[in-house]
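Data first, discussion second: the structure below is written as structure tokens.
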Amino acid sequence: MREWPLDQLPLGEEAVVLKMEEESQLSLRLRELGITEGARICRKRQAPLGDPSVYMVRGSALAIRSADAAHILVRPMHISVSGGFSE
């Protein structure tokens, strides 16, 4: 099983949250917002300068900075035609 940091997930791809690498006030807040182990998450949009990105999780859109998303480990769910990853 491959793990990726959430900030490396390509636009439009869906993944399953595996864990958060650190315990902090932010990680607790993200859990409250629905980013928990086993939740499906999809990277929908990216700001023009690349940060933050908008992720859909449990029916809500969340803007998360790349530095924060880097601490969330996910397992991609789809096969990329361009040679990406598979579940």
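Each reported figure results from applying straightforward, stated rules to the coordinates on display, with no laboratory input. Note that the structure is predicted; figures quoted are calculated from it, not measured.
The table below gives the values:
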read-out	value
The chain: most fluctuating residue of Leu11, Leu26, Leu62 per GNM, C-alpha cutoff 10 Å	Leu26
For the chain, built as a Gaussian network whose Cα springs stay under 10 Å, the top-fluctuating residue of Arg40, Arg65, Arg31	Arg31
Value of relative contact order over segment 1-42, rounded to a whole percent, pairs C-alpha under 8 Å and six or more apart	49
Stretchable slack from Leu18 to Val54, in nm (0.36 nm times residue separation minus alpha-carbon distance)	11.1 nm
Mean Cα-pair separation over length for segment 4-85, i.e. relative contact order, pairs under 8 Å, 6 or more apart, %	41
Label corresponding to P(r) over Cα pairs in 10 Å bins from 0, in percent when calculated from the structure given, among [x] 15, 42, 32, 10, 1; [y] 19, 40, 29, 11, 1; [z] 19, 56, 24, 2	[z]
